[in-house]
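Shown next, in structure tokens, is the structure this report addresses.
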Amino acid sequence: MTDLPKTPSFRLEGRRTLVAGASSGIGLGCAVALAEAGAHVVMAARGREKLDAAVEAVREAGFSAEAMTFDVADIGGMRSALAGQKPFDVVVNSAGLARHAPALETTEDDYDAVMDANLKGAYFLATEVARGMAAAEKGGSIITVSSQMGHVGGIDRAVYCASKHAVEGMTKAMAIEWGAHGIRVNTVCPTFIRTPLTQATFDNPDRVAWITDKIKLGRVGEVEDIMGAVVFLASDASALVTGTSLLVDGGWTAG
């Protein structure tokens with residue numbers, strides 16, 4: 001008789017998860033995906049009104065969720081919000097910022113704002129939650145929503161690309177350091193995803209032509225395209241996956 005291997009579970013029952021940037025767009029999609037997979041989701045964002053509406057919608061759908069308010073770029077405020085929290089099993093950081101302009105027109109304020117949110121905030125959120133995971137000796141999965149622009153360059157995106165390339169580097173280093181604690185660290189790297197925050201790009205015909213030419217599957221991304229990737233990296237199905245990026249880019253970076 002042949003003993004058949006058993007597929008690891010994609011389910012997340014009993015897991016306590018945190019999603020930063022969860023009030024809309026990709027972050028909300030990640031929160032819904034984790035909740036649908038059975039996790040309790042702590043949904044975090046800067047603005048309380050929009051966040052509360054999102055949490056209520058998740059609960060009305062029959063899932064388990066609660067709200068937490070913090071800004072990843074405010075390191076002190078983020079640490080205060082997380083102080084005293086039970087360790088998380090899964091953390092997804094979808095918070096981020098883009099201020100696109102030609103490199104020669106980049107202002108210092110724009111540079112600092114993008115780096116504070118996309119890199120500094122991501123770095124210290126990861127270290128804060130990893131500290132709790134390590135102390136609890138339970139391992140965990142830390143997922144940062146990065147970008148295909150962490151692997152290539154893009155028009156008017158020098159600062160944004162710099163922040164995302166740095167996120168990819170920090171992810172590899174953190175995975176090396178925290179592997180001994182059973183903590184996995186990965187990124188999801190979307191192509192252009194249609195959300196309210198990206199609408200200005202889609203309103204520009206030249207940008208749309210550039211995007212559709214680069215995406216080999218011939219369409220832009222939707223929030224739903226990210227949801228399965230996040231569940232995979234959060235679950236036991238990816239138990240041996242760490243220090244890498246899952247590109248959800250329609251083939252953009254293939255060449």
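The values are calculated or read from the model by the stated rules, or taken from the named source; none is laboratory data. What you see is a predicted model; the values in this text were computed from it and never measured. Here the Cβ positions follow ideal geometry from the backbone for every residue, glycine too, while neighbour counts run over all protein chains shown.
Given the conditions (1) surrounded by fewer than 23 Cβ atoms within 10 Å (Cβ to Cβ); (2) in contact with a Lys or Arg (Cβ under 7 Å, 6 or more places away or on another chain), report the number of the one that Glu66 does not fulfil.
It is condition (2) that Glu66 fails.
For residues in the range 211-255 being of a type in the set (A, V, I, L, M) and part of a loop (DSSP other than H, G, I, E, B), which is surrounded by the fewest Cβ atoms within 10 Å (Cβ to Cβ)?
Within the range 211-255, the match that is surrounded by the fewest Cβ atoms within 10 Å (Cβ to Cβ) is Leu240.
Among the residues in the range 70-85, are any more than 14 Å from Leu125 (Cβ to Cβ), touching a strand residue (DSSP E or B) at 6+ places or on another chain (Cβ under 9 Å) and either in a helix (DSSP H, G or I) or in contact (Cβ under 8 Å) with a residue 60 or more places away in the chain (or both)?
For the range 70-85, residues more than 14 Å from Leu125 (Cβ to Cβ), touching a strand residue (DSSP E or B) at 6+ places or on another chain (Cβ under 9 Å) and either in a helix (DSSP H, G or I) or in contact (Cβ under 8 Å) with a residue 60 or more places away in the chain (or both): absent.
Any residue in the range 143-164 that is within 24 Å of Ser238 (Cβ to Cβ) sitting within a Cβ distance under 7 Å of a residue that is of a type in the set (Phe, Trp, Tyr) and not in a loop (DSSP other than H, G, I, E, B)? List the pairs, counting only those 6 or more apart or interchain.
Close Cβ pairs (under 7 Å, with a partner that is of a type in the set (Phe, Trp, Tyr) and not in a loop (DSSP other than H, G, I, E, B)) amount to Gln148/Trp252; Met149/Tyr160.
Could you pull out the residue among Leu34, Leu12, Leu51 that is at pLDDT 95 or above, touching a helix residue (DSSP H, G or I) at 6+ places or on another chain (Cβ under 7 Å) and either in a helix (DSSP H, G or I) or among the hydroxyl-bearing types (Ser, Thr, Tyr) (or both)?
None of the other options fit; the residue is Leu34.
So, in the range 184-210, how many residues would count as being part of a loop (DSSP other than H, G, I, E, B), without any contact (Cβ under 8 Å) to a residue 40 or more places away in the chain and surrounded by 11 or more Cβ atoms within 10 Å (Cβ to Cβ)?
Number of matching residues: 3.
Any residue at all in the range 132-145 that is part of a helix (DSSP H, G or I), touching a Lys or Arg at 6+ places or on another chain (Cβ under 8 Å) and crowded, with 17+ Cβ neighbours inside 10 Å?
Checked against the condition, which is being part of a helix (DSSP H, G or I), touching a Lys or Arg at 6+ places or on another chain (Cβ under 8 Å) and crowded, with 17+ Cβ neighbours inside 10 Å, the range 132-145 yields no hits at all.
For (1) among the basic types (Lys, Arg); (2) modelled with pLDDT under 95; (3) within 13 Å of the chain's Cα centre (by Cα); (4) farther than 23 Å from His40 by Cα, each residue gets a yes or a no:
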| position | (1), (2), (3), (4) |
| --- | --- |
| Gly132 | no, no, no, no |
| Ala162 | no, no, no, yes |
| Ala166 | no, no, no, yes |
| His181 | no, no, no, no |
| Arg184 | yes, no, no, no |
| Arg194 | yes, yes, no, yes |
| Asp206 | no, yes, no, yes |
| Ile215 | no, no, no, yes |
| Gly228 | no, no, yes, no |
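Acidic (Asp, Glu) and assigned to a loop (DSSP other than H, G, I, E, B), is that true of Asp109? Before you say what the answer is, go through the steps one by one.
Values: acidic (Asp, Glu): yes; assigned to a loop (DSSP other than H, G, I, E, B): no.
It is false that Asp109 is acidic (Asp, Glu) and assigned to a loop (DSSP other than H, G, I, E, B).
Quick one: what pairs do we get from the range 30-59, first residue farther than 18 Å from Val145 by Cβ and without any contact (Cβ under 8 Å) to a residue 40 or more places away in the chain, second charged (D, E, K, R) and not in a loop (DSSP other than H, G, I, E, B), C-beta under 6 Å, 6+ apart or different chains?
Partner pairs satisfying both residue conditions: His40/Arg16.
Just to be sure, is Ala44 outside any loop (DSSP other than H, G, I, E, B), over 14 Å from Val231 (Cβ atoms) and under 17 Å from the mean Cα position of the chain (by Cα)?
yes
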